[in-house]
Structures are given as structure tokens and as C-alpha cells.
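In what follows, a structure is listed as C-alpha cells, so that the remarks can point back to it.
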Amino acid sequence: MTQRILLWAGVAIALSLTVAAAAWLYARSTTAQLFGELVDRVETSEPVVALTFDDGPMPGFTDEILAILEREQVHATFFLVGEAIAAYPGETERIVAAGHEVGNHSYSHRRMVLIPYDSVADELQRTDQLIRAAGYTGPIRFRPPYGKKLVNLPRYLAREGVTSITWDVAPDSYGDPAPDRERLVRTTLEQVRPGSIVLLHVMFAVRRNSMDALPDIIRGLKDRGYRFLTVSEMLEYRDPK
């Protein structure tokens, strides 16, 4: 009897560990979601790419990136944090006025894995309201902080018909120390393919290399024949199945 109990206990522990590992992998996946639509890239034969920027807006950095994009005649998609929008509404208004797409990156930028459904709804709704208050009238897509999600976040997105946007190229999201400018440019140019969604972080001083790399990334992709689209524009380029 004791051996049987130990055996079943071992099986239960093994199953629990397997389920926990599977949940952890799913929570951090940028290509899978239990409910609703998730897009990490677009299947297309057209040489198009979407530049996306997470976090902020932040004074100084917002104007700098807007100047780069204006100079290069590129429109991009900004996934902004509600707390930052509330603190710096003028920065968001300038992003909107420049014709860029604005997405929701939650209100507090916390990992939205083990939080109640009502908290998920509050995080997204408060941020949507601030985005609308800044004058943005287009569709509002969502990007989960750190790419993390489990059950309640996808359930809310599916019920509200909100598309979750992740990425397939993220040159400054991994690695310690942060990549230098040359490596950021090289990695991006090597990994981008038609329909890619590129994630960059440029809103903080610790991301200085990403801001500095941006002009070379844009010019390098242009030299390869790529055109730059917002996420919403990119979704229209999906090849028919």
C-alpha cells in the first residue's frame, strides 16, 4: 500500500510539473493564445514590414523618434502605457498628429498572467480611454507587457474582439548586456522577412542604442526593397488562405 501511494504521489507530482511547464511556455509564447486572434507576423509575399515601439510616451524621446520617422517618411505603430499617457498627454497627441498608429500596452505595464478578469478589463479600458482622449480614432490593438498572458487576458480580448499583436523580430529584447547599435542593425536586417513585425524600445535612456540604430535599420530595409506599414495596414496584406 505504501509503495502504491508513493507511486501515485510521484505520478501526481510529475503531472503537476508538466502542466506548470506547459503553462509557463504558453504564457511567454509570442505565437500562441488560448482565445481570440494573435498576430506575430503576417504571411505575405509583399516586401512590407511594420515597425512597432513599446512603452512611453516619454518627454524628449517621443520628439526624437518622431523626428526620425518624419525624416525617413515612415509611419509606425506605438504601443503606449496608460500611466505614461496620463502623465504626458501632449506626447501622445503629437504621435497621433503625426499620423502614426497607437496601440494599448496596458495601464501599468505589469505582467498580465495571474490577475483577475476585472483587473484586466480595467487595465485595458482605462488605457483605451486615454488613447481616444488624445485624438486617436483608428482601431486599438493590444500588446501584452513582456508578451505574457494566460487565461483572463485572452478571454477579455476575445470577448471584446481585440487583436493581440506580438512580434517576430525583437533585436533589443534579449541579451545582457543590451546589444550595441551595430548589432541591433545587423540582427534586424538579418531576421526581417516579408510581413515581419519588428519590436523596438526607444523611450528610455537605457535604450539609447536602439534609438541610434533606428535610422540605419530603416535605411537598410529600404535598400532591400521594404515598405513600412502600420500594424493595421500590414493586416490588409495577408495572403488569402
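The values are calculated or read from the model by the stated rules, or taken from the named source; none is laboratory data. Predicted model, so just to flag it, every value in this text is computed and none were measured. Cβ atoms come from the backbone with ideal geometry, glycine included; neighbour counts cover every protein chain shown. With ligands, DNA and RNA removed, areas are computed over all heavy atoms of the protein, side chains included. Shrake-Rupley method; radii C 1.70, N 1.55, O 1.52, S 1.80 Å.
When the test is whether a residue is open to solvent by 40 Å² or more (accessible area, probe 1.4 Å) and touching a residue at least 24 places away in the same chain (Cβ under 8 Å), residue 180 passes it.
The criterion of being in a loop (DSSP other than H, G, I, E, B) and free of Cβ contacts under 8 Å to residues at least 40 places away in the same chain holds for residue 137.
Scanning the stretch 72-106 for residues that are open to solvent by 10 Å² or more (accessible area, probe 1.4 Å), closer than 15 Å to residue 202 by Cβ and not in a loop (DSSP other than H, G, I, E, B) yields 72, 84, 91, 94.
Does at least one position in the stretch 153-161 carry a residue that is under 20 Å from residue 92 (Cα atoms), modelled with pLDDT of 95 or more and either part of a helix (DSSP H, G or I) or among the basic types (Lys, Arg) (or both)?
No, the conditions are met nowhere in the stretch 153-161.
Which one of these is acidic (Asp, Glu) and open to solvent by 60 Å² or more (accessible area, probe 1.4 Å): 122, 168? Every option except 122 fails the conditions.
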